[in-house]
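Shown next, in structure tokens, is the structure this report addresses.
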Ligand code: HEM
């Protein structure tokens, strides 16, 4: 790599890299074309996972599995900043699942699952499964009426899993007589609390593998930049030396983008959690958990409502018999896990361009449509069966997407083949500059204009203002959500400053 003008941070990181190989192995520099936030969506998921680990550990200091509801209420009503912490962890889980879906959808659309990244995708699906399991376990822990009713319903449905999977669940939930459980509290809560830690640790381990493989492959290059995207970034020493788009970014930039994605994720979670406290009401001088405690008599009259990310699975059980629903769910999972191999060996798509992958795009679109339809349908029919019409509509969604997406893409293929793959650049066709050129323009211009300088000053002023405001808030019960809002705004402002600094770090 050509030597660039480097900032002091670059020099510090280089020093560290020389001695530890930190950047060569775990966080190597990205090529210039990756200087766009959509190339870093996984980093947003990573940020939300770390956020969950940190807030979860703080909540665990107060949580008592033998008395789950009372300890959760105590955290919310009696611990300074406790309600904010609870809201942050709960919204943080939603953020992680949402960002994971976005990351997965993007990788499907750009074909990042294709050779040689199939295992990346498979490991990713494992992460998705573990994340949903973690959310399931976490949802049960407050032991409120809605959450525990949904939890036990979920467990009941698992007993219909074929291929001996139901035995696995039964073995994991089989309980010896545990001493010390408060009377009336289901002893399974204690077990689920331990699993919540174990599954969290599993996510961390599998994530390590995901990132390790990612460092080997590098990010999937944009369509217009690589003829054959099965090659790895290490296969391009020539390009890395000579092509300005392929040249590696300075370390400061890679580091800076990661910090920006982290600050944006944390900021967004802080803002949402403070604007919409999670199942918490502030009533006069008291802060209260609004969910009632679980009680078997009330549970019998409560329709089980899973959290939004499980609605699409629950839909199958509302539609057909539990054993058929389990089979459909497993088939969904299997197709998702094996998607890269279906693309390669069943559909035999040869090119990564979305237009050249018509069958995969149709299948994926069918998944996305039925995910949305199932979720909404299950949400608006609490406690009611849907009947076989549900899965029939799902089938129709897949059929329709094959009837619409497949022929449309086949039609467009002619144009791509005529002018080469780059000819189907929607941005270009609509008159926008090629995003890569934009990238280069951004990366090569040093943002030291007067406007930028003024905006930096303005941002610093705002940070000073919000920080001063935070210091004046002394009531850590009634003011906690205001504090959270200010902290969220602060993080967004800070992310802007880091972005500006990162641009400067290019050193041109
Ligand atoms: C806990 C959940 C996950 C985390 C924290 C995570 C994190 C990451 C990170 C940090 C990257 C590097 C590039 C980027 O920032 O986008 C990445 C890449 C990737 N991830 Fe994930 N991921 C997760 C789940 C998934 C899932 C569910 C899938 C798909 C089923 C997936 C498939 C991939 C693929 C194919 C790449 C390579 C992207 C490319 O080459 O353009 N990941 N992931």
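Observations
- For the range 8-305, the relative contact order works out to 36 percent when only alpha carbon pairs closer than 8 Å and six or more residues apart are counted.
- Here the calculated FRET efficiency for residue 471 and residue 290, from their Cβ-Cβ distance with R0 = 35 Å, stands at 0.70, rounded to the nearest 0.05.
- Cα→Cβ-extended label distance, 7 Å offset, between residue 165 and residue 78, nm: 4.2
- Theoretical gain in end-to-end length, residue 282 to residue 347 [0.36 nm per residue, Cα-Cα removed]: 17.8 nm
- Ordering 282-292, 327-337, 369-379 by mean Cβ neighbour count within 10 Å, with the highest value first, yields 369-379, 327-337, 282-292.
- Placing a label point 7 Å from the Cα of residue 12 along the Cα-to-Cβ direction, the residues of the range 254-295 whose backbone N falls under 16 Å from that point are 254-260.
- Only alpha carbons enter this Debye calculation for the chain, each as an equal point scatterer, and the log10 of I(q)/I(0) it gives at q = 0.14 Å⁻¹ is -1.50.
- Relative to one another, the C-alpha centroids of the range 80-113 and the range 263-314 are positioned 16 Å apart.
- For the chain: relative contact order, % (alpha-carbon pairs under 8 angstrom, 6 or more apart): 25
No lab work stands behind these numbers, since they all come straight from the coordinates. Quantities reported herein were computed from a predicted structural model and do not represent experimental measurements. Counting neighbours? That spans all protein chains shown, and the Cβs are built from the backbone with ideal geometry, glycine included.
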